[in-house]
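A.B. asks: Questions regarding the structure given below will be posed in turn.
The values are calculated or read from the model by the stated rules, or taken from the named source; none is laboratory data. Source: prediction; values computed, not measured. When we count neighbours, we look across all protein chains shown, and the Cβ atoms used for this are built from the backbone with ideal geometry, even at glycine. Protein only, heavy atoms only, side chains kept; ligands, DNA and RNA dropped before computing areas. Shrake-Rupley method; radii C 1.70, N 1.55, O 1.52, S 1.80 Å.
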Amino acid sequence: LEITENTLRVGIVGVDATPKHIVPLQSVTPSFFQSEPALQDPASVWYRYLAPILKSAYQRLIGFGAKERKAIVLFRGYDDKSLPRSIEDAILAVLIAEVGVPAVNLQCSALSMVPYSLPMLSHMLVVSVGIEEASCQVHASGENLPFTYQSVPLQSQTSTKDDATTSFQSTYMDLNNPNSVLMAMVKTLEACPRTVRKFVVSNIVFCGTGLCKQPHIPVAIVKQLKLALTAASSQSTSSSTRSETNPAMDLPQGDDDELVGNLQTLVPVSLKSLAGLESHVGLVKCNIRPDLLAWVGATQWAAHWHGQDPSLQKWKWHTEWPSKS
């Protein structure tokens, strides 16, 4: 089961290449948690939200033996940290105590699941574009590198056409905006080990529900990244030449205030360490819908470790509801 910002996807591992059912969800907002002030326990609030959703998923799978199968739950939105205990308890309360599944494994990193859907690629930069947030992470030599993780919020779209174009540029492709998607990608590449950067940037993979309505985003961002890296390489070459002849020529000229102002514009991002990668930039296109890449990867992951770990020892499987004890 995969719970995203606006959908629940459910299917049988080893049977379904794509989700058997996709159920629309209502977004969880602060007003939802404030609707019943008497419920002080966050787990109780999450249970009230998740119980009907998860039960309906199993009702849709009647006849497939779903209740006799171990359950993999991918709860998106917590890529850089573990799933909150309140959400974890609510999921286990429904699936183990009520539905009666034998064991549950909880995953919260969609970015870590995507590479399993593309096993032919050992290196990649995974970029997830959601409804309210975008995140990036490097997968190198068959391993996910969590220390490269970056996340930025996404601005809501404006009404007028001109404002929408400006908002799109600022949100996705503006290196002067520290919260742009392109900036997150640059920071992820900077955190990536130098020895694998050219292999990683050759395979940029976009995923997420945010691409359903804006499928042009990956091409636009990758083009802008290549242009930025090309400019950085040219600037790096010319700066090196000027420094050899007259180092003082690299410094901004003017009074102290002007000098400080010019230097501050250089603070947000420096592509100097990434110069030379422009010839390696590549966008991966596959026959899997971008909003289903994490789901397909999770099913591949589950199918593999189901055979490798039949005794439920290697991975953290929950076989009982902790709050009952």
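A.B. asks: Simple spin-label model, 7 Å along Cα-to-Cβ: K198 to T18 in nm?
C.D. replies: 3.8
A.B. asks: Counting other C-beta atoms within 10 Å, and keeping those with at most 10, which DSSP coil trypsin sites (Lys or Arg not before Pro) do you find in segment 129-218?
C.D. replies: K213
A.B. asks: Keeping all protein chains in the complex and leaving out DNA, RNA and ligands, what accessible area do you get for T166 with a 1.4 Å probe, in Å² to the nearest 10?
C.D. replies: 90
A.B. asks: Can you classify segment 85-147 as rounded, prolate or oblate using the Cα gyration tensor, where a ≥ b ≥ c are the square roots of its eigenvalues, rounded means a/c under 1.5, and otherwise it's prolate if a/b beats b/c and oblate if not?
C.D. replies: In terms of gyration-tensor shape, prolate.
A.B. asks: In the neighborhood of W295, defined by Cβ-to-Cβ distances under 12 Å, what is the net charge if each Lys or Arg adds +1 and each Asp or Glu adds -1?
C.D. replies: Overall, the nearby charge balance is +1.
A.B. asks: Let me ask something else. Defining a contact as two alpha carbons under 8 Å apart and six or more residues distant in sequence, what relative contact order in percent does segment 52-148 show?
C.D. replies: After rounding, I find 24 percent.
A.B. asks: What figure in square angstrom, to the nearest 10, would you give for the accessible area of F75 with a 1.4 Å probe?
C.D. replies: Surface accessible to solvent at F75 totals approximately 20 Å².
A.B. asks: Turning to a different aspect of this structure: In the structure shown, do any of K67/K213; K213/K272; K198/K316; K20/K187; K226/K285; K198/K285 have a Cα-Cα gap over 26 Å, and if so which?
C.D. replies: Over 26 Å Cα-Cα: K67/K213; K213/K272; K198/K316; K20/K187.
A.B. asks: Then there is this: Taking square-rooted eigenvalues a ≥ b ≥ c of the alpha carbon gyration tensor, is segment 131-231 rounded, prolate or oblate, where a/c under 1.5 means rounded and, failing that, a/b exceeding b/c means prolate?
C.D. replies: Judged from the Cα gyration tensor, segment 131-231 comes out prolate (a/c at least 1.5, a/b above b/c).
A.B. asks: Please give the FRET efficiency for I62 paired with C286, using the beta carbon to beta carbon distance and R0 = 35 Å, rounded to the nearest 0.05. Spell out each step's value before the answer.
C.D. replies: Values: r = 33 Å, r/R0 = 0.93.
Plugging the Cβ-Cβ distance into 1/(1 + (r/R0)^6) gives 0.60.
A.B. asks: Given the Cα-Cα distance of V219 and D41 and 0.36 nm per residue of separation, how much length would full extension add, in nm?
C.D. replies: 59.6 nm is the gain from fully extending V219 to D41.
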